[in-house]
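Notes follow once the structure below has been shown.
The values are calculated or read from the model by the stated rules, or taken from the named source; none is laboratory data. Predicted model, so just to flag it, every value in this text is computed and none were measured. FYI the Cβ positions are ideal-geometry reconstructions off the backbone, even for glycines, and counts take in every protein chain you see. Side chains are part of the model used for accessible areas, which takes the heavy atoms of the whole protein and leaves out ligands, DNA and RNA. Shrake-Rupley method; radii C 1.70, N 1.55, O 1.52, S 1.80 Å.
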Amino acid sequence: PRVCVVGSGPAGFYTAQHILKHHGGAQVDIYEKLPVPFGLVRFGVAPDHPEVKNVINTFTQTARSERCAYYGNVTVGRDVTVAELRQAYHAVVLSYGAEDNRVLGIPGENLSGVYSAREFVGWYNGLPENRDLKPDLSCETALILGHGNVALDIARILLSPLSLLRKTDITGGSLAALACSKVKRVWLVGRRGPLQVAFTIKELREMINLPGARPVLNAADFTGLENAVKDAPRPRKRLTELMIKTALEKPGEETLEAQAAAHREWGLKFQRSPQEVLPTADGRRARGIRMALTRLEGSGDSAKAVPTGDVEELECGLVLSSIGYRSLPLDPAVPFDTQRGVIPNSSGRVEGVPGLYCSGWVKRGPTGVIITTMNDSFDTAQSVLEDLQVGTLDVSASREGFGAVESILRSRGVRPVSFPDWEKIDAAEVARGKAAGKPREKIVDPQEMLRLIGH
């Protein structure tokens, strides 16, 4: 059987890995629109979290298998259609992730100084489409809308000492911009309360212990919460206890000294919903944000934030909205639920299109960490294997796989990038990094990547 996977992030690689491992004869081809693989592991994981990127070693082993091939620099839906892939392969798995972000839908969100978390993260992580972002870091106060791990990542990058960032694979351009940054205060704002935050304890602890930055938590937000979390699941309980401790307990001698010396600060604001980004006098830039104060109806994860009628204004020259990523439809031939931003499917089988599958964020929405995506991808891969076993996928008819796609690409002037090509780019990045005393210096221009491999 010839299987094709669209997208080379965790979802794509884990799907490929599972099929190769459990079917001794399957050939899997992975297509990726960028020259370089690994998706959000390369472009989403924070530069100061190198341990999370270790999965790249497993993905590399998969890509080097003689039954697996990688074709970068190929945009499915433009360079080759899904219908053409379905003609060339017995099964096609769409694992292309979430390439867009949810919008706030409020006045002023297009002002200069307002960015989505997705483009800001893409900028410091070297995602080619965000390389020219040039965020304005000349203000003292930044405000991040959202209480998830991505929001904490951004706050940490904005407030981290340069000495820490210099040792990471953050891009040279963003490091230079952060070196000139005037930001010294970051507020993380959420519509709901402390019991509904979406970040995890590891990320929060890292933020609390960030050198040179002190946490500013309002004691009133946490008073009396101990009782509310008594019976909560353990992760939620521990997370809330850490916030309570930070807000209410008197810090020890050492911590007090460190906090007194800290010239940067960050804090959490709750039960506030953005209404409008306020413009400067010339109407061009963000100078602040107006927020509706909310009250909670219901409790736990299902609590809803309802406006109370009161509003509050906060001054800030940088607004980052971290309210979630969003998948986009890839090709008119593929059903797509625009409300939920997913491909309608059951266990990864795309509804009404036999032989077409999906895995990862485009299958279940943009939530969870790499391990969640791994389990989800194994689930889709299992569906493919079952369909091969029971004969839903007819392998008696031979399919040409890449042979057929190659001639289509050639006729359209598209030259795919192979995995050995990527390994040359990788080696160049590592060498440039070594010269600068960091793990790698990412190349952010796809044309430069292609020149390097002689394309």
Selection within region 372-425 - closer than 15 Å to V93 by Cα and of a type in the set (D, E): D376, D379, E386, D387
Residue list for region 364-375, filter: of a type outside the set (K, R) and open to solvent by 20 Å² or more (accessible area, probe 1.4 Å): P366, T367, G368, V369, I370, I371, T372, M374, N375
Tally, over region 316-346, of residues that are part of a loop (DSSP other than H, G, I, E, B), hydroxyl-bearing (S, T, Y) and either more than 19 Å from G97 (Cβ to Cβ) or touching a Gly at 6+ places or on another chain (Cβ under 8 Å) (or both): 2
Complete set of residues in region 428-455 that are of a type in the set (A, V, I, L, M), modelled with pLDDT of 95 or more and in a loop (DSSP other than H, G, I, E, B): I443, V444, I453
Residue within region 142-154 that is assigned to a helix (DSSP H, G or I) and surrounded by fewer than 21 Cβ atoms within 10 Å (Cβ to Cβ) present: yes
Region 381-439, residues that are hydroxyl-bearing (S, T, Y), surrounded by fewer than 14 Cβ atoms within 10 Å (Cβ to Cβ) and closer than 26 Å to Y357 by Cα: S396, S398, S407
Residues satisfying the stated conditions in region 312-363, i.e. open to solvent by 40 Å² or more (accessible area, probe 1.4 Å) and touching a helix residue (DSSP H, G or I) at 6+ places or on another chain (Cβ under 6 Å): A333, S347, R349
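Each row is one residue, and each column tells you yes or no for (1) hydroxyl-bearing (S, T, Y); (2) assigned by the TED database to the domain that holds E32; (3) under 27 Å from G173 (Cα atoms).
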site: E51; (1), (2), (3): no, yes, yes
site: Q61; (1), (2), (3): no, yes, no
site: S65; (1), (2), (3): yes, yes, no
site: G72; (1), (2), (3): no, yes, yes
site: D79; (1), (2), (3): no, yes, no
site: G122; (1), (2), (3): no, no, yes
site: L127; (1), (2), (3): no, no, yes
site: L133; (1), (2), (3): no, no, yes
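Each row is one residue, and each column tells you yes or no for (1) open to solvent by 20 Å² or more (accessible area, probe 1.4 Å); (2) over 27 Å from T308 (Cα atoms); (3) under 27 Å from the mean Cα position of the chain (by Cα).
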| residue | (1), (2), (3) |
| --- | --- |
| L158 | no, yes, yes |
| D169 | no, yes, yes |
| E206 | yes, yes, yes |
| I244 | no, no, no |
Residue match in region 408-424 (condition: assigned by the TED database to the domain that holds A63, of a type in the set (G, A, S) and closer than 23 Å to A98 by Cα): no
First in region 233-245 and without any contact (Cβ under 8 Å) to a residue 12 or more places away in the chain, second anywhere and open to solvent by 90 Å² or more (accessible area, probe 1.4 Å) and part of a helix (DSSP H, G or I), Cβ under 9 Å, 6 or more apart: none
Conditions (1) in the same structural domain as H22 (by the TED database); (2) of a type in the set (A, V, I, L, M, F, W, C); (3) open to solvent by 40 Å² or more (accessible area, probe 1.4 Å); (4) touching a residue at least 24 places away in the same chain (Cβ under 8 Å); number of the one not met by L452: (1)
Number of the condition not met by L293 [criteria: (1) surrounded by 16 or more Cβ atoms within 10 Å (Cβ to Cβ); (2) touching an Asp or Glu at 6+ places or on another chain (Cβ under 7 Å); (3) free of Cβ contacts under 8 Å to residues at least 40 places away in the same chain]: (1)
Residues within region 201-221 that are assigned to a helix (DSSP H, G or I) and under 26 Å from I157 (Cβ atoms), tallied: 9
